[in-house]
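Notes follow once the structure below has been shown.
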């Protein structure tokens, strides 16, 4: 096993960055930010500014040296940019999560207030002895219910009352919601997806999975602006035809923005969330190696015209159902 790198004091970290070609105009401020945020976390933001070389074997690799013009200030600005982007994503994802939980509880709970506890509502693939994912899911849920501090949950427990679907969902997180939907039998999945104008149940499961990954990265303060995600399934309808055409767009943050906006528009038609996202993305710090391409965008930045009336441009209707 390769030995761990040796510990370095903040001043040593600063010297290392200077040796590698980073421009730092205010050393005291840089050390303050290294103290507050940490060298390792910030290194993810200046990574794209490291020089790439091609070895004798024909393979490319990043060196420790920085591209000309790389500054500590721009790297830290990129860190702040990513933080603002995470907050915008969390704002929309919270709205989506709460709404979908409500829809699931309403559509399935009307069939049986305790449907979330019963295998009869599940796809048999997830309830077999060899692969009983539903039991694992329910065990995890019971643990959350037991640990919950929600007054309504406590009241049901103290009164020895069974907890109905619409109360139990208050303990769900995005991941539990996504897993529950994926385990439902197909006809019940359709009851949920039709509320969002969607007919393809596999596509909706794909979306929930992708949104859950993004939500977890945001909640754990992970970098999101230039990360790869699960490739999104994109339907052939006017809304998406004008927005997504490449595989890069499907696996970068831009693709998720398109999906989030599709859902947010159905939940809150008057939301200005997309405009906030567009304005933020177009303000991305200009650091060497830090291109819009990492977000699934062209060098022109956010494609405002493609979103038409949502960002002040006239376009044809895009209210098609998704198949």
For this session: Rank by packing, highest mean first: peptides 189-197, 69-77, 292-300, 145-153, with packing defined as the count of other Cβ atoms within 10 Å averaged across residues.
Result: 69-77, 189-197, 292-300, 145-153
Exercise. Modelled label-to-label distance, residue 2 and residue 158, 7 Å Cα→beta-carbon offset: nm?
Worked result: 5.7 nm
For this session: State the antiparallel share, in %, of DSSP beta bridges confined to the chain, rounding to the nearest 5.
Result: 80 percent
Seminar exercise, completed: In vacuo Debye sum over C-alpha of the stretch 16-65, base-10 log of normalised intensity I(q)/I(0) at q = 0.15, 0.18, 0.25 Å⁻¹, listed in q order, is -0.49, -0.65, -1.01
Problem set entry | Percentage of interatomic Cα-Cα distances in the stretch 132-277 larger than 26 Å | 36 percent
Seminar exercise, completed: Nearest-0.05 FRET efficiency for residue 217 and residue 40 at R0 = 22 Å, using Cβ-Cβ distance, is 0.85
Seminar exercise, completed: Between residue 199 and residue 32, the FRET efficiency computed from the C-beta separation at R0 = 41 Å comes out, to the nearest 0.05, as 0.15
Exercise. Based on DSSP H runs of at least 4 residues, each adding -39500 (n - 2.57), what is the mean residue ellipticity at 222 nm of the chain after dividing by all its residues, to the nearest 500 deg cm²/dmol?
Worked result: -15500 deg cm²/dmol
Problem set entry | Inter-part distance where the stretch 62-101 and the stretch 143-186 are each reduced to a Cα centre, Å | 32 Å
Seminar exercise, completed: For 38-50, 93-105, ranked highest to lowest by mean beta-carbon neighbours within 10 Å, the order is 93-105, 38-50
Exercise. For the stretch 140-198, what is the convex hull (Cα atoms) projected area averaged across all directions, in square nanometres?
Worked result: 4.7 nm²
For this session: Please work out the FRET efficiency for the pair residue 132 and residue 63, using the Cβ-Cβ distance as r and a Förster radius of 45 Å; give the result to the nearest 0.05.
Result: 0.35
Exercise. What's log10 of I(q)/I(0) for the chain at q = 0.07 Å⁻¹, Debye sum over Cα points only, no solvent?
Worked result: -0.38
For this session: Quote the relative contact order of the stretch 78-311 in percent (integer), defining contacts as alpha-carbon pairs under 8 Å separated by 6+ residues.
Result: 23 percent
Exercise. Got a sec? How would 257, 169, 37 order by Cβ neighbour count within 10 Å, fewest to most?
Worked result: 37, 169, 257
Seminar exercise, completed: Taking a crude spin-label model, label points 7 Å out from Cα along the C-beta direction, the residue 246 to residue 9 distance in nm is 4.7 nm
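Every read-out reported here was derived from the displayed coordinates using simple, explicitly stated rules and does not represent laboratory data. Keep in mind it's a predicted model, so treat the numbers as computed, not measured. Heads up, the Cβs are rebuilt from the backbone with ideal geometry, glycines too, and the neighbour counts pull from every protein chain shown.
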